[in-house]
Ligand SMILES: Cc1ncc(COP(=O)(O)O)c(C=O)c1O
């Protein structure tokens, strides 16, 4: 499947000795936060494939869901606008009196928003199907993208990213051993594991730092995505059988999209010493997890460790109070 060229690729691979040296690792950062501006982060790679499929099916309206603060919803809204598609978002949480961060951008690009509470969120897939039916009843052609863009088609974005990263590492003579990233809905982990399996490099340690839920939950999610990929003929049975990943669920802190003064202090230190901005919901927890795992000896010190920076900058504008005090 050929993706739409939504992401600015290849993203840079940069050395960060000031972060890696103190914990004894050769740390490089794969800058997927630089896949674009408003259209930035890991979701853009997934959307390249998802919207290619939407257009191939003749869709004129894209529907998806996420938290009110969702990076995925924002990237979908911006990408849809760029392709001349309508966008409807089902958002978990209360409608704020004043939109900021991702929601502000959703509105700016003209996405329609519908807000639901936690009980209704459990039925999000049924609700998305109902919204798709409404589009059909009005004469439109809907295309539904699941939460986080995390299905087999979306994960193809990270199958391609695995090849891009390995090529960059090889060109520089780096011995790529670990690829660490935030896991929120599983598609990035699934795509990387599948991609390295396709390349015959299952020796590369794909580590997803969970920002919510736990290891058993995400192992199930990743397995289901890979099974879907095989069922749809996107992955071979051998690739699915060979795919390797591990989820580390001890760095999510007090919960999804919640933070602590210790976490904020760590993100601040990274920003001040390197200029790299990690967000409080995903990439901050993942980088803190990477450095913590390395410090505690649970991440091998040999070869090169890559932190996949998946974006999320706008998250800060949704919780400015986190920097107070
Ligand atoms: C900035 C950022 N990083 C990482 C993730 C996690 O990626 P995935 O949903 O593929 O697990 C997300 C979305 O959930 C995100 O918005």
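Could you name every one of the helices (runs of 4 or more DSSP H) located completely within the range 226-325 that has at least 2 residues being modelled with pLDDT of 95 or more and within 13 Å of the ligand (Cβ to nearest atom)?
283-295
Quick one: residue 304 ticks every box in (1) free of Cβ contacts under 8 Å to residues at least 60 places away in the same chain; (2) over 21 Å from the mean Cα position of the chain (by Cα) except a single one, so which number is it?
Going through the list (1) free of Cβ contacts under 8 Å to residues at least 60 places away in the same chain; (2) over 21 Å from the mean Cα position of the chain (by Cα), residue 304 breaks only (1).
Of the residues that sit in the range 12-33 and are free of Cβ contacts under 8 Å to residues at least 40 places away in the same chain and under 20 Å from the mean Cα position of the chain (by Cα), which one is nearest to residue 297 (Cα to Cα)?
Among those residues, the one meeting the criterion is 14.
What's the number of the condition residue 176 fails, among (1) within 16 Å of the ligand (Cβ to nearest atom); (2) in contact with a strand residue (DSSP E or B) (Cβ under 6 Å, 6 or more places away or on another chain)?
It is condition (1) that residue 176 fails.
Say whether the condition of being outside the structural domain of residue 299 (by TED's automatic domain parsing), surrounded by fewer than 24 Cβ atoms within 10 Å (Cβ to Cβ) and without any contact (Cβ under 8 Å) to a residue 24 or more places away in the chain is met by at least one residue in the range 60-76.
Checking the range 60-76: not a single residue is outside the structural domain of residue 299 (by TED's automatic domain parsing), surrounded by fewer than 24 Cβ atoms within 10 Å (Cβ to Cβ) and without any contact (Cβ under 8 Å) to a residue 24 or more places away in the chain.
So is residue 161 touching a residue at least 24 places away in the same chain (Cβ under 8 Å), in a helix (DSSP H, G or I) and either within 16 Å of the ligand (Cβ to nearest atom) or surrounded by 24 or more Cβ atoms within 10 Å (Cβ to Cβ) (or both) or not?
When the stated conditions are applied, residue 161 passes them.
Of the residues that make up the range 115-124, is at least one in contact with a strand residue (DSSP E or B) (Cβ under 8 Å, 6 or more places away or on another chain) and within 16 Å of the ligand (Cβ to nearest atom)?
Scanning the range 115-124, I find at least one residue that is in contact with a strand residue (DSSP E or B) (Cβ under 8 Å, 6 or more places away or on another chain) and within 16 Å of the ligand (Cβ to nearest atom), so the answer is yes.
The values are calculated or read from the model by the stated rules, or taken from the named source; none is laboratory data. As the structure is a computational prediction, the values presented were derived from the model and not from experiment. Backbone-built Cβ (ideal geometry, glycine too); neighbour counts: all protein chains shown.
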